[in-house]
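Heads up: the structure comes next, in structure tokens.
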Amino acid sequence: MNRIVERQDLSENVVRMVLEAPEIARKRRAGQFIILKIDEKGERIPLTIVDSDAREGTITIIFQVVGKTTAVLARMNAGESLSDVQGPLGNPTEIENFGRVVCIGGGVGVGVVYPLAAALKKAGNHVTSIIGARCKSLLILEQEMKQVSDRLIVATDDGSYGFHGFVSAVLQNMIDAGEKIDRVYAIGPVPMMRVLANLTRPYGIKTIVSLNPIMVDATGMCGACRVSVGGKTKFTCVDGPEFDGHEVDFNLLSNRLRMYSEQEKQTMEAHRCECHGK
Amino acid sequence: MENNSAKPKKEKIPRHAMPEQEPQLRIRNFDEVPLGYTEKLAIAEAQRCIQCKKPSCVAGCPVDVDIPGFVKLIAEGRFIEAALKLKETNALPAVCGRVCPQEDQCEKVCILAKKGEAVAIGRLERFAADFERNLGDVAVPARAKPNGKRVAVVGAGPSGLTIARDLVGYGYDVTIFEALHKPGGVLVYGIPEFRLPKAIVDAEVDYLRKLGVKIETNVVVGRMKTVDELFAEGYNAVYIAVGAGAPVFMDIPGENLSGIYSANEYLTRSNLMKAYRFPEYDTPIVRGRQVVVIGGGNVAMDSVRTALRLGAEAATIIYRRSEAEMPARAEEVHHAKEEGVKFQLLTNPVEYIGNEQGWVTGVRCQRMELGEPDASGRRRPVAVAGSEFVIPADTVVVAVGTMANPIVPATTPGLDTNPRGYILTKDDSGKTSREGVYAGGDIVTGSATVILAMGAGRQAARAIHEYLSRGEV
């Protein structure tokens with residue numbers, strides 16, 4: 001159970017893993033996530049299910065090394081097992097033929113938007129995908145995104161590849177060019193989602209974001225992941241993870257994401273020392 | 001008590017106190033507060049029992065423990081037999097001996113309580129169960145002959161563990177599906193180590209496994225598989241005991257500021273995830289210096305005492321009524337007071353104040369006074385106009401109750417619930433509106449006690465057995 005079947009570096013600090021999880025693979029739908037825990041003393045972290053193979057009984061996750069847990073996970077190899085994988089969690093993405101949709105992914109968020117783009121394409125939408133990263137070497141899933149999109153636009157902050165600038169500028173250009181856009185999916189760092197939601201708001205383009213707050217049980221029991229949407233408190237784990245981006249209080253989300261920054265720094269440093277010692 | 005061959009006048013012997021860790025010492029650790037009876041104390045206490053012919057204590061026990069029976073065995077020094085006697089009807093005696101509100105159940109109706117103090121039934125239960133476990137050689141009864149039928153239990157809390165134990169006893173093939181990574185439910189995520197050491201829960205769960213109960217963790221029924229899919233997999237009946245797991249917030253301004261927890265989250269981090277041992281364990285928890293806990297129940301007491309042990313300089317309970325109306329056990333309130341918890345009674349929070357980083361810095365409160373009794377029979381708190389004041393706080397734990405978690409009811413067509421989301425049952429048997437689906441514990445009653453959830457499990461076990469035995473020769 002929970003064996004790592006494949007492990008691959010997608011960029012300097014982004015790793016793709018295929019996990020053995022047959023029941024989750026069979027059941028999961030686009031937009032859902034898992035909670036994993038590496039070992040007895042580990043913490044529970046949520047990660048989007050990027051892809052699944054019901055026949056092989058596997059699911060794919062993609063994560064960026066941001067703290068101790070992801071750092072330890074990144075150093076694990078195929079053949080090793082995780083103590084716990086729980087899922088599928090959260091509501092699946094609402095998938096229908098909306099017409100012309102734009103799927104935007106930033107950084108590791110490309111991994112989260114990929115299953116949405118695939119499902120939307122399959123449902124008959126015309127899918128334009130915009131994927132971005134700070135620089136070319138940090139860009140992930142370009143080929144995969146190309147396969148599930150009618151059109152793919154790549155943007156890098158430093159101009160080392162594709163469009164020179166933010167994904168938001170690409171979307172602004174599309175809007176300025178008078179393109180018909182029925183729906184936008186924006187998934188990535190909080191500042192990116194905030195910018196995109198602000199951008200589409202005046203045009204009245206429905207914009208769905210997928211939120212990544214801190215979670216513990218992820219079944220609606222603890223409320224760690226509460227966010228404010230349209231002035232109402234929602235639990236991301238059971239009410240989300242996708243919400244109307246125009247209604248989300250991104251300030252609150254950023255603040256709550258920083259709640260343990262000191263402790264995270266502490267464990268990350270301790271972990272680095274441990275790794276150097278080896 | 002050494003020379004008691006002649007019949008002593010038992011009612012004259014006072015109830016024996018249980019040794020405890022000193023308050024000043026225990027607020028610096030998470031070790032259990034009461035230390036348990038010694039063999040000598042246990043025998044002495046057990047000898048106080050007058051062995052009533054018609055024991056009212058048994059009627060006061062939701063799982064029908066043969067109280068005079070096991071107490072007599074302790075009095076005779078037959079501790080292992082006492083433990084076995086307990087386990088005939090109680091799947092979790094070491095747990096119940098610690099967390100049952102005996103003062104409202106068996107001990108309340110003890111005949112000795114009429115003129116003095118009840119036999120310390122809970123302490124004796126704990127003693128016998130601990131004695132057997134500490135010996136390390138727990139006897140496992142022979143397995144019942146398999147009857148070829150399968151029952152799925154949803155939730156490995158007190159109710160689910162109890163019904164599983166009873167059903168394997170009848171010969172069923174029982175699998176418990178637990179959403180979290182560890183079985184035990186509230187016993188592992190909710191009740192702190194200093195009240196219920198997790199090693200004890202682990203040992204009780206291990207014992208159930210030895211009896212043949214199968215437990216699958218990380219299975220969120222309703223997400224990974226639905227109740228209907230369990231039937232499709234070949235289960236003949238399903239028991240739903242998912243608890244009242246969703247936290248209640250008060251919906252007052254500032255409640256989502258950083259540093260504000262639900263009691264569920266605060267306790268889950270500390271207990272299940274062992275955040276009190278961070279960074280040895282990876283899950284962090286805020287070690288607040290000025291901690292305010294909202295609420296007056298056992299969960300509030302657990303939270304505030306956890307805060308002290310995490311190093312709080314000030315730990316304060318805010319409760320809107322007076323001490324007399326507090327739902328917490330008197331023992332918990334007493335322990336909290338001994339440990340230095342401040343009680344800000346007749347006070348209600350109206351708003352949380354935060355700093356620029358969005359971190360809570362204070363609780364704006366108003367004073368309350370008690371008016372006429374409300375539906376619960378307790379006097380209703382009424383706000384005193386113009387009485388607002390601020391209590392500084394860098395951490396707040398909201399412990400004002402829980403509500404039904406909708407995941408299972410929402411994914412089980414035909415399963416009737418009340419308007420608050422609790423599953424409706426036909427009678428005490430736990431039978432629901434769905435054929436073959438039974439439910440019990442907090443998902444039926446709303447937040448109650450461990451032992452009531454266990455009692456519901458026992459009754460549903462009998463009902464399921466009856467249901468699945470029907471039509472057989």
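Label separation (B:Glu103 vs B:Ser387): 2.6 nm, computed from points 7 Å beyond Cα along the C-beta direction. In the context of the full protein assembly, B:Leu452 retains an accessible surface of approximately 90 Å², using a probe radius of 1.4 Å and ignoring ligands and nucleic acids.
From the alpha carbon centroid of segment B:375-429 to that of segment A:109-141 is 42 Å. Ligands, DNA and RNA are left out, and with a 1.4 angstrom probe the accessible area of the protein assembly as shown is 41 Å² per residue. Within segment B:28-42, list the residues whose amide N lies under 20 Å from a label point set 7 Å along Cα→Cβ of B:Glu117. Hits in segment B:28-42 for B:Glu117 at 20 Å: B:33-42. For segment B:249-311, the Cβ-based charge dipole about the Cα centre amounts to some 320 debye (Lys, Arg positive; Asp, Glu negative; other atoms uncharged).
Other protein chain C-beta atoms within 10 Å of residue C-beta, averaged over A:18-28: 2.
Net charge of the neighbourhood of A:Glu80, taken over other residues with C-beta under 10 Å away and scored Lys/Arg +1, Asp/Glu -1, is +3.
Here the simple spin-label model places points 7 Å from the Cα toward Cβ, and for B:Lys337 and A:Ala169 these points are separated by 6.8 nm.
Averaged across A:210-222, how many Cβ atoms of other chains sit within 10 Å of each residue's Cβ atom?
So the per-residue partner count for this stretch is 6.
Label reach from B:Arg380 (point 7 Å along Cα→C-beta): in segment B:331-356, no amide nitrogen lies under 12 Å. Mind checking which lysines have their C-alpha under 25 Å from B:Lys40, skipping anything on the same chain fewer than 8 residues away? Straight-line reach from B:Lys40, under 25 Å: B:Lys7, B:Lys9, B:Lys10, B:Lys12, B:Lys72, B:Lys85, B:Lys87, B:Lys108, B:Lys115. Put simply, chain B fits an ellipsoid with semi-axes of 36, 31, 21 Å; these come from the alpha carbon gyration tensor as the roots of five times its eigenvalues, largest first. Cross-link partners of B:Lys114 among aspartates and glutamates, defined as those whose alpha carbon lies under 18 angstrom from its own and excluding same-chain residues fewer than eight positions apart: B:Glu11, B:Glu45, B:Glu103, B:Asp104.
Ordered by 1.4 Å accessible area with all protein chains kept, B:Glu323, B:Glu125 run largest first as B:Glu323, B:Glu125.
Between B:Lys40 and B:Lys145, what is the FRET efficiency for a Förster distance of 41 Å, r being their Cβ-Cβ separation, to the nearest 0.05?
Taking R0 as 41 Å, the efficiency between B:Lys40 and B:Lys145 is 0.45.
Would you give the gap between the C-alpha center of segment B:259-323 and the C-alpha center of segment B:330-370, rounded to a whole Å? Comparing the Cα centres of segment B:259-323 and segment B:330-370, I get a distance of 12 Å. Here segment B:371-391 is scanned for amide nitrogen atoms under 16 Å from the site 7 Å beyond the Cα of B:Ala324 along Cα-to-Cβ, giving B:371-374, B:376-382.
Put a dot 7 Å past the Cα of A:Ala123, heading toward its Cβ, do the same for A:Asp9, and the two dots end up 3.7 nm apart. Look at the dipole of segment A:11-158 built from charges on Cβ: of A:Leu36, A:Gly87, A:Ser149, the Cα furthest out on the positive end belongs to A:Ser149. Rounded to the nearest 20, the Cβ-based charge dipole of segment A:1-62 about its Cα centre (Lys and Arg +1, Asp and Glu -1) stands at 300 debye. In straight-distance terms, cross-link reach from A:Lys136 covers every one of the lysines whose alpha-carbon lies under 17 Å from its own, apart from those fewer than eight places away in the same chain; here that gives A:Lys146. When you restrict to C-alpha pairs under 8 Å that are six or more residues apart and normalise by the size of segment B:10-135, the relative contact order lands at 29 percent.
The values are calculated or read from the model by the stated rules, or taken from the named source; none is laboratory data. Small disclaimer: the values here were computed from a predicted structure and weren't measured. Please note: Cβ atoms are built from the backbone with ideal geometry, for glycine as well, and neighbour counts cover all protein chains shown. SASA here: full protein model, heavy atoms, side chains in, ligands and nucleic acids out. Shrake-Rupley method; radii C 1.70, N 1.55, O 1.52, S 1.80 Å.
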